[in-house]
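The values are calculated or read from the model by the stated rules, or taken from the named source; none is laboratory data. Everything quoted here is computed from the prediction, not taken from an experiment. Here Cβ is always computed from backbone atoms with ideal geometry, including for glycine, and neighbour counts include all displayed protein chains.
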Amino acid sequence: MTNMNPSDKALVPFVSVDNMMKLVHHIGVEPMLRGLADYIEADFRRWELFDKTPRVASHSAEGVIELMPTSDGEVYGFKYVNGHPKNMKEGLQTVTAFGLLADVSNGYPVLLSEMTVLTALRTAATSAMVAKYLAPKGATTMAMIGNGAQSEFQSLAMKAICGVDSVRLYDVDPEATAKAALNLAGWGMNVVSCKTAEESMEGAQIITSCTADKQYATILTDNMIGAGVHINAIGGDCPGKTELHKDILARSDVFVEYPPQTRIEGEIQQMPQDFPVTEMWEVINGTAKGRTSNQQITLFDSVGFAIEDFSALRFVRDHIQNTEFFMDLDLLADPDEPRDLFGMLQRATQ
């Protein structure tokens, strides 16, 4: 068989899990979280330019597989992501993902990347970027309810972007709390392991809930929430999965990414279709109000949206240039004459 080396047009930069982790350590975890938040905030400011559609979801009894596409007119991006809560018991990740960027002008991919690690980083960066606008001024303490794979990222993002220096951990599984506490040791935060959700919220100005069960759950009840806090609700992310009692929503000013998706998947799926929400991009652009008083309860009903993944992939594409943190993948056919794809195939056997 003829050895046919691929041309430059056939090659697409690919960031593996190994190279993603090397990139994170090269940049630094906290600087990367800040950088991702800056990219996400910049894309929220130009929100109206983007194609927007609720993610395409394929649900099963075990979980969900989703595609999340968007484009700013020049670059197209999508993410493949799953959510299977049962996976943890089988030694597998609950969430895995990969993503792609492509040039709109010719349709050619320009980046393929793992996004299991990157999604954890961008989710945390988004939470903290939003909290910068909605959390009480001078907030220093966060309750982290649900100490799974996302908990350390959330904690460090709130530290890096919002100045939070104390995190109070709680999970129904004490081993998860012990894992998170061990991982967060040495990162310059005061880490407190708590035995109940109520205990974790003592003195907390920010309450983050992130649990994995695919069911209607009541992790937080109305009587647990005092005035003036910011709730970062990131666990509810598909139909039939919630964490907050609906009475909390009724008392809160609720902020969302993209209402047509959040009304299907978020905490507000419990509420009427006309339940009032504010789109976060409008707060960032100054056309809508965020936190307006010390007594106000603000709630970010976060389900994750494709533009955040687009921002994260854009960040990676910019930051792997002139580094060793990617490999060229022979992904695209590039015959000598564009119409002669079969001829290229045939010559490969000679």
- Mind checking which residues of segment 177-191 are surrounded by 13 or more Cβ atoms within 10 Å (Cβ to Cβ) and more than 16 Å from Ala139 (Cβ to Cβ)? Thr177, Ala178, Lys179, Ala180, Ala181, Asn183, Leu184, Trp187, Val191
- Item | Candidates Asp274, Asp253 - the one that is surrounded by fewer than 21 Cβ atoms within 10 Å (Cβ to Cβ), without any contact (Cβ under 8 Å) to a residue 12 or more places away in the chain and among the charged types (D, E, K, R) | Asp274
- Item | Residue ranges of helices (runs of 4 or more DSSP H) in segment 232-350 with at least 2 members more than 30 Å from Glu62 (Cβ to Cβ) and of a type outside the set (S, T, N, Q) | 246-251, 280-285, 306-319, 341-347
- Message: I'd like to know if segment 121-140 contains one or more residues that are among the charged types (D, E, K, R), within 14 Å of the chain's Cα centre (by Cα), buried (at least 21 other Cβ atoms within 10 Å of the Cβ) and not assigned by TED's automatic domain parsing to the domain that holds Glu257.
- Response: yes
- Residue count for segment 252-307, restricted to those that are more than 21 Å from the chain's Cα centre (by Cα), within 16 Å of Lys241 (Cβ to Cβ) and of a type in the set (A, V, I, L, M, F, W, C): 1
- Query: What are the residues in segment 45-66 that are of a type outside the set (D, E, K, R) and assigned to a helix (DSSP H, G or I), if any?
  - Reply: Trp47, Leu49
- Any chance His245 is modelled with pLDDT of 90 or more and in contact with a strand residue (DSSP E or B) (Cβ under 9 Å, 6 or more places away or on another chain): no
- Note on the structure: The lone condition Ala178 fails out of (1) in contact (Cβ under 8 Å) with a residue 24 or more places away in the chain; (2) more than 27 Å from Ile307 (Cβ to Cβ); (3) not in a loop (DSSP other than H, G, I, E, B) is (1)
- Query: Of the residues that make up segment 301-315, is at least one surrounded by 11 or more Cβ atoms within 10 Å (Cβ to Cβ), out of contact with any helix residue (DSSP H, G or I) (no Cβ under 9 Å at 6 or more places or on another chain) and closer than 19 Å to Leu11 by Cα?
  - Reply: no
- Message: Here is a list: Gly107, Gly77, Gly148. Which entry is outside any helix (DSSP H, G or I) and surrounded by 24 or more Cβ atoms within 10 Å (Cβ to Cβ)?
- Response: Gly77
- Note on the structure: Here the residues within segment 100-155 that are within 30 Å of Gln295 (Cβ to Cβ), of a type in the set (Gly, Ala, Ser) and at pLDDT below 95 are Gly138, Gly146
